[in-house]
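A.B. asks: Have a look at this one before I ask anything.
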Amino acid sequence: MSQGLVIGLWLGLAVLAANLPWLSERWLLVIARPDRRAKPFWFRLVEWSLLYGLMAGIGFGFEYKATGAVHTQDWEFYTVTLCLFAVSALPGFIYCYQLRRLLEQAGRAG
């Protein structure tokens, strides 16, 4: 598998992971809430942070596999990757807090 293909797959997986907490009502994407209420916002942020850490770990694993070493990074690298992860989570966030309500209101009105 070429290095470019691995990077593309990892980026696609990162975009999917960034959106999962906003699209799923299950805790940690596995455990269903017994009362069927929506997850609180803070819990979605915790899940999102855990997925950011998981994707960073997978990225470091790919880097180690490709080069044989993990290069040290300064704080700027982590700030930029966190911002990119936040931007890629925007579609799921908009769907969760704005678009879903608008679609429900349109369904009731129509």
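A.B. asks: Which helices (runs of 4 or more DSSP H) does the range 1-102 wholly contain that include 1 or more residues that are exposed (fewer than 10 other Cβ atoms within 10 Å of the Cβ) and at pLDDT below 90?
C.D. replies: In the range 1-102, 3-23 are the helices (runs of 4 or more DSSP H) which contain 1 or more residues that are exposed (fewer than 10 other Cβ atoms within 10 Å of the Cβ) and at pLDDT below 90.
A.B. asks: While we're looking at this one, here's another question. Restricting the search to the range 51-80, which residues are more than 30 Å from residue 98 (Cα to Cα) and in contact (Cβ under 8 Å) with a residue 12 or more places away in the chain? I'd like the intermediate steps shown before the answer.
C.D. replies: Taking the range 51-80 as the starting set, the residues that turn out to be more than 30 Å from residue 98 (Cα to Cα) are 57-77.
Correct list: 58, 59, 62, 66.
A.B. asks: Additional query: State all residues of the range 92-102 that are of a type outside the set (A, V, I, L, M, F, W, C) and in contact with a helix residue (DSSP H, G or I) (Cβ under 6 Å, 6 or more places away or on another chain); if no residue qualifies, say none.
C.D. replies: Within the range 92-102, just 92 meets the criteria.
A.B. asks: Just to be sure I understand the filter: pairs with C-beta atoms under 8 Å, separated by 6 or more residues or on different chains, first member in the range 85-108 and farther than 13 Å from residue 23 by Cβ, second member among the hydroxyl-bearing types (Ser, Thr, Tyr) and surrounded by 11 or more Cβ atoms within 10 Å (Cβ to Cβ). Which pairs pass?
C.D. replies: 85/52
A.B. asks: What pairs come up if the first residue lies in the range 22-50 and is within 20 Å of residue 83 (Cβ to Cβ) and in contact (Cβ under 8 Å) with a residue 40 or more places away in the chain, the second is of a type in the set (Ser, Thr, Tyr) and surrounded by 10 or more Cβ atoms within 10 Å (Cβ to Cβ), and their beta carbons are under 9 Å apart, counting only those six or more places apart or on different chains?
C.D. replies: 22/95; 22/97
The values are calculated or read from the model by the stated rules, or taken from the named source; none is laboratory data. Owing to the predicted nature of the structure, the values given are computational and were not obtained by experimental measurement. Cβ sites come from the backbone with ideal geometry, for glycine too, and all protein chains shown count toward neighbours.
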